[in-house]
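Written below as structure tokens is the structure these notes are about.
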Amino acid sequence: MPVSDYQLIEAWKEVLTLSRLEPGQTVTILTGAATHPQTLACALIATQTMGAVVNRLDLPPVNGEKALSRDALAYLGETPLTGNRAAIAALKASDLVLDLMTLLFSPEQHEILASGTKILLAVEPPEVLVRMTPTLADRERVLAAARRIKGAREMRVTSEAGTDLRCPLGEFPAIAEYGFVDEPGRWDHWPSGFALTFPNEGQASGRIVIDGGDILLPQKSYCTGPVTLTVEAGYATAIEGGIDAELLRDYMASFDDPEAFAISHIGWGLQKRAYWSTLGLYDREATLGMDARAFDGNFLFSLGPNNEGGGKRTTACHIDVPLRRCTVALDGVEVVREGKTVGGEQ
Ligand SMILES: [Fe+2]
């Protein structure tokens, strides 16, 4: 069901207030070929209502000829900022960038954030944005989870389906995504609601079983049967199972890059307004699948780069896989038990 412009403008104002937008600050709205017109129109009204100086910067798409799908996260190559000093200067001169285009992680984005500019990505359909308008409580919950990751030396993930994965921690920071940008230099994604980190380089080991009903992204499909990943020295060295395993292997092989098979971010979902079932209700091109990434109690793991966490690995291939019914423990203390978040602050 659609939402009204009024509802979306109110949601924008809520997010901008949480992001501490002040009158007189400069907001640049980044747009591209796939920007949702209602999201843009409402962002323009909300930012002006709040007294901001508002720009719009429209950049042409890149990577379309290389990617196998239209999903904005399906191919992490160059970005429209690569070599684009004028755009970089405009964004660095802004207090807040509203990314309605999907500016992927890049050295240029890092440079913009380092200048103090905040960046908020918002590309999900308007009704998803409204349903998952972030709150201060979301922030507290996700930050509490990130604090638990920060002190931990190992994340262990098990499941009845057969997952038994050990990820030594400590090399990379804990990252909290709660849907707004309340500090200078912060990047976030509305909607979200999860905490994550990366295993120490080359140290994740064990087995991951993607069970029937678990979700593959950017395939945006529910797995029809078990797919088993053997994980050795930080890489998935075998992907076995039925047609889902074949499809995943074929897709990943198209990148012709061994780094695609590295274990990337690991963490768990904390957003109670996100739902496992939503993905099946949407056209694949209408959504990035943030419900799938954020639903409460998932174990979200990823294959591909770790440069977002400060590592050296870049690869154009990036697979996100939210698993249900896992138990996630940090140094032996459960934070998710059989797909449900546990712990005092949660
Ligand atoms: Fe990811």
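The values are calculated or read from the model by the stated rules, or taken from the named source; none is laboratory data. The structure displayed is predicted, hence computed values, not measured ones. Please note: Cβ atoms are built from the backbone with ideal geometry, for glycine as well, and neighbour counts cover all protein chains shown.
Here are the numbers for this structure:
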item	result
Subset of the stretch 294-320 [touching a Ser or Thr at 6+ places or on another chain (Cβ under 7 Å) and closer than 24 Å to D244 by Cα]	A294, G297, S302, L303, G304, P305, H318, I319, D320
Residues of the stretch 139-173 that turn out to be under 18 Å from the mean Cα position of the chain (by Cα) and closer than 16 Å to L300 by Cβ, as a count	6
Members of the stretch 194-227 found to be under 20 Å from Y275 (Cα atoms) and more than 14 Å from the ligand (Cβ to nearest atom), listed by number	I210, D211, G212, G213, D214, S221, Y222, C223, T224
From G202, G206, residue being surrounded by fewer than 18 Cβ atoms within 10 Å (Cβ to Cβ), more than 20 Å from the chain's Cα centre (by Cα) and part of a strand (DSSP E or B)	G206
Residue count, the stretch 41-55 (criterion: surrounded by 13 or more Cβ atoms within 10 Å (Cβ to Cβ) and out of contact with any Ser or Thr (no Cβ under 6 Å at 6 or more places or on another chain))	9
Test: M132 is over 17 Å from T287 (Cα atoms) and buried (at least 17 other Cβ atoms within 10 Å of the Cβ)	no
Qualifying residue in the stretch 248-265 (condition: touching a residue at least 40 places away in the same chain (Cβ under 8 Å) and closer than 19 Å to W190 by Cα)	yes
Meets criteria (at pLDDT 95 or above, within 30 Å of D95 (Cβ to Cβ), touching a Leu at 6+ places or on another chain (Cβ under 9 Å) and outside the structural domain of A67 (by TED's automatic domain parsing)) for G193	yes
Residue within the stretch 85-102 that is part of a helix (DSSP H, G or I), under 22 Å from the mean Cα position of the chain (by Cα) and touching a residue at least 12 places away in the same chain (Cβ under 8 Å) present	yes
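Yes/no per residue for (1) assigned to a strand (DSSP E or B); (2) at pLDDT 95 or above; (3) under 26 Å from R131 (Cβ atoms):
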position	(1), (2), (3)
V15	no, yes, yes
G24	no, yes, no
I29	yes, yes, yes
T39	no, yes, yes
